[in-house]
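Right, one structure below, let's go through it.
The values are calculated or read from the model by the stated rules, or taken from the named source; none is laboratory data. Being a predicted model, the structure only gives us computed values, none of them experimental. Here the Cβ is made from the backbone with ideal geometry for all residues, glycine too, and neighbour counts use every protein chain on show. SASA here: full protein model, heavy atoms, side chains in, ligands and nucleic acids out. Shrake-Rupley method; radii C 1.70, N 1.55, O 1.52, S 1.80 Å.
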Amino acid sequence: MIGIGVAVTGVTVAVLALAFFRSRRRHPFPAHGWLGIVALGGAEYLMLHGVEPIATFFTPIAWSAYILIVDAAVLALTNRSRLHDAPITLARMALLSVPLWLIFEAYNLRLENWIYTGVPKGWTGALLGYGWSFATITPAIFETSDLVQALLPPLAGKPWKISAGAENLLIALGILCLVSPLAVPRRIGAYLFLPVWIGFILLLDPLNRRMGLPSLLGDLSEGFRRRVYGFFLAGWICGWLWEFWNNWSAAKWHYIFPIGQRWKIFEMPAPGYLGFMPFALECFVMYVTAAWLAGWVKRVK
């Protein structure tokens, strides 16, 4: 089913590119965007020809180039971007991205949903590959969300009324989602990674809102839906690109969870693609909490 994956990925990127070219730009496309395009094209050529170390380290190289391209597109559309206006914040985001993803790796030790192959055997190469790859996850989601939000039309929504009782219920459900996959036997827990993809949203977002931190519930309570849509669609875009580039890389991940193994698109069983959208929302929520704990995000009354 590689053909289906290539088609969906191609259409997704084409729609995004078409929306960019049809939008009014406030800034020339900057140099770091062109650098990203050249780096991505060159890396793909060398990877497909098996040239090392590019073939092995293709995933972090491709995503680093992607971040440069998307950031440049955001700057061209809005005259501001994370790399241009807040490079230190972007670097901190990349730093936090590593331990945040390791939380899911810890769950995977128990649930055994994916494995890695082709990773360098030496500690230096392995740590470089893992660390660099994990450091691109959160920045890629945020940059893609910035681009989507810059391209979305004006959005107006009715404010949601969210009571303290509703927040308490969400928190309780979040705890249940995060604990239950670990509490059941491993053969059952292998089917329960989806609750992990939504559990941190349910647990942390109400807490973020109560502490005056950026939150999805806070946005919705004010009728602001742009960020929710931006991250949701960023999950779709990044999900397909993750699996597309992973399919060709020498070092890659393979999914072994017991659902849809006969219906793989690239390495991912088809039902798994539904998890990328909530995962992007979860990246936002977890980053806000982690950045607050690190003292990098302040409360707003």
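State the extension gain, in nm to one decimal, for the chain segment bounded by Leu109 and Tyr191, taking 0.36 nm per residue of separation less the distance between their alpha-carbons. Please list the in-between numbers first.
Details: separation 82, 0.36 × 82 = 29.52 nm, distance 1.39 nm.
Value of the extension gain: 28.1 nm.
Are there any trypsin sites (Lys or Arg not before Pro) in the stretch 89-195 that are in a DSSP loop and have at most 10 other Cβ atoms within 10 Å? List them by number.
Lys121, Lys161
Between Glu222, Glu167, Glu44, find the one with the highest GNM mean-square fluctuation for the chain; connect C-alpha pairs within less than 10 Å.
Maximum fluctuation in the GNM of the chain, among the listed residues, is at Glu222.
Is the stretch 163-229 rounded, prolate or oblate when judged by the Cα gyration tensor, a ≥ b ≥ c being the square roots of its eigenvalues, rounded requiring a/c under 1.5 and prolate requiring a/b larger than b/c?
Taking the square roots of the gyration eigenvalues as a ≥ b ≥ c, the stretch 163-229 is prolate.
Relative to the compact globular guide of 2.2 N^0.38 Å, what is the alpha carbon radius of gyration of the stretch 190-245, as a ratio?
In units of the globular-protein estimate, the stretch 190-245 measures up at 1.35.
Specify whether the C-alpha gyration tensor of the chain places it in the rounded, prolate or oblate class, a ≥ b ≥ c being the square roots of the eigenvalues: rounded for a/c under 1.5, otherwise prolate if a/b is larger than b/c and oblate if not.
oblate
For the stretch 1-132, with every protein chain kept in place, what is the accessible area per residue (1.4 Å probe, Å²)?
Using a 1.4 Å probe on heavy atoms only, each residue of the stretch 1-132 averages 55 Å².
For Leu216, tell me the accessible area in Å² from a 1.4 Å probe, rounded to the nearest 10.
Spelled out: Leu216, probe radius 1.4 Å, area about 10 Å².
Label the stretch 225-276 by shape, choosing from rounded, prolate and oblate, from the square roots a ≥ b ≥ c of the eigenvalues of the Cα gyration tensor; if a/c is under 1.5 it is rounded, and otherwise prolate applies when a/b is larger than b/c, oblate when it is not.
Oblate.
Percent of alpha carbon pairs in the stretch 141-299 separated by more than 22 Å?
For the stretch 141-299, the share of Cα pairs beyond 22 Å comes to 50 percent.
Counting pairs of alpha carbon atoms under 8 Å apart in space and at least six apart in sequence, what relative contact order in percent does the chain give?
24
Once neighbouring chains are kept in place and the probe is 1.4 Å, which whole percent of the accessible area of the chain is contributed by carbon and sulfur?
Within the chain, the accessible surface is 70 percent carbon and sulfur.
Take every Cα-Cα distance within the stretch 55-195, group them into 5 Å bins from 0 onward, and report for each bin the whole-number percent of pairs it holds.
2, 8, 12, 13, 13, 15, 16, 12, 6, 2, 0
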